[in-house]
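Q: Attaching a single structure in structure tokens format; questions to follow.
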Ligand SMILES: *Cc1c(COP(=O)(O)O)cnc(C)c1O
């Protein structure tokens, strides 16, 4: 025990783990945190004291402070001041209050697969399915799965595994981290049959490629880029005529999840219009323009939806009960935040920006927000921002609450489009605090 004897007194004064574990604050922390997490916090504080970074008599209060500040999940809520509505790095769509309430109700035991009247097992996801059909009457049937990519994989697997998926070369897209459409489809065991060229594909290209080995035709909305100039594609209406004549299903991947047209986004395809134009099946995400939880939506012909639902893969991509509840409530409740933020009134955004600028000493500039999430590229959402020095961005992000600004041309821009108005005051206080740190 030489090393103990040789320790300076101050080190020996560091409270022992069992002493710290007996503190009142630890009993409180046990309501939120696992024992190994608490012990980890205690050991880390003791180590700092041993290293001389903390006085031994401050160890107990430091443990108390760290335990109080330690959430059970490391995900930190942020105020999105970027002006990007569907921000992939910030979790895409923020849920509506109705969706949050539904998610909480579903958190315990819940009748997700039980008919309470009969006391027997029932079909999973009936509520979400009914809500989808009510919101999109153009669909005969609907199925919700884990995400948009899963919806596409399920559709191509069930309709075309071991056969061909016919797709235009202009639609072989990469969506974002790890999502390359050709690779995804190849992973299902379906063969890609590419037709046309990068900039031009004609109806005859599809018609010539259809044969006994065709599983389905696939049209993909190139949501995150635009090709301009000498281009042509085949619209759903024309393609659906050929598909019907030849008896092959036409699947359209919409991406964004608009269920009906939005005049603000004239180029963004929606499920109702695409189904009315003759698509047999559409796939889309739940957490883009629909504004719901992560989900993949499949809408369309009843026989195809039921075939997909019965495929073994459907079980592997099924939605969890929390997301099912949130999806249903997003569809049945008041407009989701994503919809409100997209349609925010520029005059009101300007007023709010002016109040913020006056309070923190910044300049109001015109600033276009974005749809984001790979949707509606190049569509500006007219609005305003408060310009601050770039150096404030880091303290803003690390503050309480965390505020994420847009970094642009050497400045930190605060666009209030995606900040709930009820949070304007805490945002102002957070900006003041961050400015004091630079
Ligand atoms: C976003 C998107 C997907 C992927 O959907 P996830 O919900 O992210 O899995 C697929 N296709 C298109 C056209 C998209 O825009």
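The values are calculated or read from the model by the stated rules, or taken from the named source; none is laboratory data. Quantities reported herein were computed from a predicted structural model and do not represent experimental measurements. For neighbour counting, all protein chains shown are included, and Cβ atoms are generated from backbone atoms with ideal geometry for every residue, glycine included.
Q: Hey, can you tell me all the residues within region 159-184 that are crowded, with 23+ Cβ neighbours inside 10 Å and either in a helix (DSSP H, G or I) or away from the ligand (no atom under 13 Å from the Cβ) (or both)?
A: First, pick out the residues of region 159-184 that are crowded, with 23+ Cβ neighbours inside 10 Å: 159-160, 165-168.
Hits for region 159-184 are 159, 160, 165, 166, 168.
Q: What number of residues within region 333-351 satisfy the criterion of being surrounded by 21 or more Cβ atoms within 10 Å (Cβ to Cβ) and touching a strand residue (DSSP E or B) at 6+ places or on another chain (Cβ under 8 Å)? Show your work before the answer.
A: As a first pass, look at region 333-351 and keep what is surrounded by 21 or more Cβ atoms within 10 Å (Cβ to Cβ): 336, 338, 341-342, 344, 349.
After this cut, where a residue has to be touching a strand residue (DSSP E or B) at 6+ places or on another chain (Cβ under 8 Å) as well, the list is 338, 341-342, 344, 349.
Summing the residues that are surrounded by 21 or more Cβ atoms within 10 Å (Cβ to Cβ) and touching a strand residue (DSSP E or B) at 6+ places or on another chain (Cβ under 8 Å) in region 333-351 gives 5.
Q: Go through (1) free of Cβ contacts under 8 Å to residues at least 12 places away in the same chain; (2) outside the structural domain of residue 147 (by TED's automatic domain parsing) one by one and return the number of the condition residue 64 breaks.
A: The number of the failed condition is (1).
Q: Go through region 387-438 and give me each residue that's touching a residue at least 12 places away in the same chain (Cβ under 8 Å), farther than 19 Å from residue 87 by Cβ and part of a loop (DSSP other than H, G, I, E, B).
A: Passing the criteria: 400, 410, 437, 438.
Q: Which condition breaks for residue 341 when tested against (1) closer than 15 Å to residue 87 by Cα; (2) at pLDDT 95 or above; (3) outside any helix (DSSP H, G or I)?
A: (3)
Q: So residue 138 ticks every box in (1) touching a residue at least 40 places away in the same chain (Cβ under 8 Å); (2) on the phi > 0 side of the Ramachandran plot but one. Which box is left unticked?
A: (2)
Q: Go over the candidates 143, 172, 181 one by one and state the one that is within 28 Å of the chain's Cα centre (by Cα) and either within 13 Å of residue 296 (Cβ to Cβ) or not assigned by TED's automatic domain parsing to the domain that holds residue 234 (or both).
A: Details: 172 fails: either within 13 Å of residue 296 (Cβ to Cβ) or not assigned by TED's automatic domain parsing to the domain that holds residue 234 (or both); 181 fails: either within 13 Å of residue 296 (Cβ to Cβ) or not assigned by TED's automatic domain parsing to the domain that holds residue 234 (or both).
The match here is 143.
Q: Restricting region 363-386 to residues that are in a loop (DSSP other than H, G, I, E, B) and at pLDDT 95 or above, which is nearest to the ligand (Cβ to nearest atom)? Working first, answer last.
A: The first filter runs over region 363-386 and keeps only residues in a loop (DSSP other than H, G, I, E, B), leaving 367-368, 373-374, 376-380, 382-383.
Next, from what is left, pick out any that are at pLDDT 95 or above: 367-368, 382-383.
On the way: 367: 25, 368: 21, 382: 24, 383: 24 Å.
Looking at the filtered set, the residue picked out is 368.
Q: In region 243-265, what residues are within 16 Å of the ligand (Cβ to nearest atom), under 22 Å from residue 307 (Cβ atoms) and touching a residue at least 40 places away in the same chain (Cβ under 8 Å)?
A: Here is the first cut: in region 243-265, the residues within 16 Å of the ligand (Cβ to nearest atom) are 250-259, 262, 265.
The next check asks that each one be under 22 Å from residue 307 (Cβ atoms); those that pass are 250-254.
Scanning region 243-265 gives 251, 253.
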